[in-house]
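Notes to accompany the following structure.
The values are calculated or read from the model by the stated rules, or taken from the named source; none is laboratory data. Source: prediction; values computed, not measured. Reconstructed Cβ throughout: ideal geometry from the backbone, glycine too, with neighbour counts over all protein chains shown.
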Amino acid sequence: MSVVELKAVPRAGKSKIRDGYIPAVAYNKDRNVSFSVEERSFDRVFREQSTHGLIEIALEGGETLPALVRSVQMDPRKRTIVHADFYLVTYGQEIEVPVPVHTTGRARGVIEGGILDVVMHNLQVIAPGPRRIPSEVVVDVSHLAVGDSVKAGEISLPEGCRLAVDADLPVIAVLPPQKIVEAEPTEAEIEAQDHVPAINQEADDNDR
């Protein structure tokens with residue numbers, strides 16, 4: 001997956017943040033670095049890299065920190081970003097990441113009326129290093145019939161990557177068609193039907 005640069009401004013304590021910027025922090029077990037990033041730039045980078053794409057945080061007047069987005073805090077009313085957390089990584093060291101699962105083809109079971117169920121939208125994978133994190137795993141589902149499934153251990157991963165989850169966990173399945181079941185009438189509905197007044201045939205005849 002490609003590496004994207006994100007420019008940042010070092011931040012000490014509760015120092016004032018520039019207009020249009022948001023506070024952020026990057027950390028691992030050994031260090032913790034506070035800084036701020038332009039909100040629009042971060043939004044663009046996050047849309048592109050999500051939580052599994054490598055980002056190089058270029059500190060103004062300082063070093064460059066390789067990292068992954070760990071979490072993003074949003075303002076629930078304004079729907080704007082208010083804070084970002086990054087996890088610092090080290091080149092050449094293994095790293096566990098969630099990798100998006102995508103499908104290709106149309107399952108035979110779906111053609112027969114079944115439903116394709118992607119049980120795991122992200123597969124936990126251990127990559128040999130930050131630069132070798134796969135952008136996605138693609139699974140061909142065209143051979144799947146109703147009742148079939150694809151387990152984590154059956155998915156092909158890029159060279160050097162391995163699963164971080166149980167190989168027997170289902171990732172994709174084709175479910176049987178859903179049956180439409182008519183709801184049973186409630187007691188209130190049955191009682192209401194019992195009290196429907198009968199048609200007065202005699203009165204009806206007199207009106208003719």
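Quick one: which strands (runs of 3 or more DSSP E) lie wholly within the stretch 1-40 and hold at least 2 residues that are among the polar types (S, T, N, Q), surrounded by 11 or more Cβ atoms within 10 Å (Cβ to Cβ) and on the phi < 0 side of the Ramachandran plot?
Working: elements: 4-10, 21-27, 32-38.
So the answer is 32-38.
Of a type in the set (K, R) and either surrounded by 12 or more Cβ atoms within 10 Å (Cβ to Cβ) or in a strand (DSSP E or B) (or both) - does that describe any residue in the stretch 47-69?
Looking through the stretch 47-69, none of the residues is of a type in the set (K, R) and either surrounded by 12 or more Cβ atoms within 10 Å (Cβ to Cβ) or in a strand (DSSP E or B) (or both).
Confirm whether E94 is touching a residue at least 12 places away in the same chain (Cβ under 8 Å), surrounded by fewer than 14 Cβ atoms within 10 Å (Cβ to Cβ) and of a type outside the set (K, R).
Values: touching a residue at least 12 places away in the same chain (Cβ under 8 Å): yes; surrounded by fewer than 14 Cβ atoms within 10 Å (Cβ to Cβ): no; of a type outside the set (K, R): yes.
In short, no.
Looking at A12, A24, A84, which is the one that is aliphatic (A, V, I, L, M) and more than 30 Å from V125 (Cβ to Cβ)?
Working: A24 fails: more than 30 Å from V125 (Cβ to Cβ); A84 fails: more than 30 Å from V125 (Cβ to Cβ).
One residue alone meets the criteria, A12.
Is it true that V82 is in a strand (DSSP E or B) and under 17 Å from the mean Cα position of the chain (by Cα)?
Details: in a strand (DSSP E or B): yes; under 17 Å from the mean Cα position of the chain (by Cα): no.
No.
Does the stretch 28-62 hold any residues that are of a type in the set (S, T, N, Q), in contact (Cβ under 8 Å) with a residue 40 or more places away in the chain and within 13 Å of V9 (Cα to Cα), and which are they?
Selection gives nothing.
Is it the case, given these coordinates, that L157 is outside the structural domain of R18 (by TED's automatic domain parsing), farther than 26 Å from Q178 by Cβ and in contact with a strand residue (DSSP E or B) (Cβ under 8 Å, 6 or more places away or on another chain)?
Working: outside the structural domain of R18 (by TED's automatic domain parsing): yes; farther than 26 Å from Q178 by Cβ: yes; in contact with a strand residue (DSSP E or B) (Cβ under 8 Å, 6 or more places away or on another chain): yes.
So L157 passes the test.
Return the pairs, sorted by first residue and then second, in which the second residue is of a type in the set (A, V, I, L, M, F, W, C) and not in a strand (DSSP E or B), the first residue lies in the stretch 63-90 and is free of Cβ contacts under 8 Å to residues at least 60 places away in the same chain, the beta carbons are less than 7 Å apart, and the residues are 6+ apart or on different chains.
A67/V89; V69/F46; V72/F46; I81/F42
If you take just the strands (runs of 3 or more DSSP E) that sit entirely in the stretch 88-168, which of them hold at least 2 residues that are in contact with a Cys (Cβ under 8 Å, 6 or more places away or on another chain) and closer than 27 Å to V3 by Cβ? It would help to see each step written out before you state the result.
On the way: elements: 95-104, 115-118, 122-127, 137-140, 149-151.
Here the list reads 122-127.
Return only the number of the condition from (1) modelled with pLDDT of 95 or more; (2) out of contact with any strand residue (DSSP E or B) (no Cβ under 9 Å at 6 or more places or on another chain) that G92 does not satisfy.
It fails just one condition, (1).
Please state which of the following conditions G105 fails to meet, knowing it meets all the rest: (1) without any contact (Cβ under 8 Å) to a residue 24 or more places away in the chain; (2) closer than 19 Å to E154 by Cβ.
(1)
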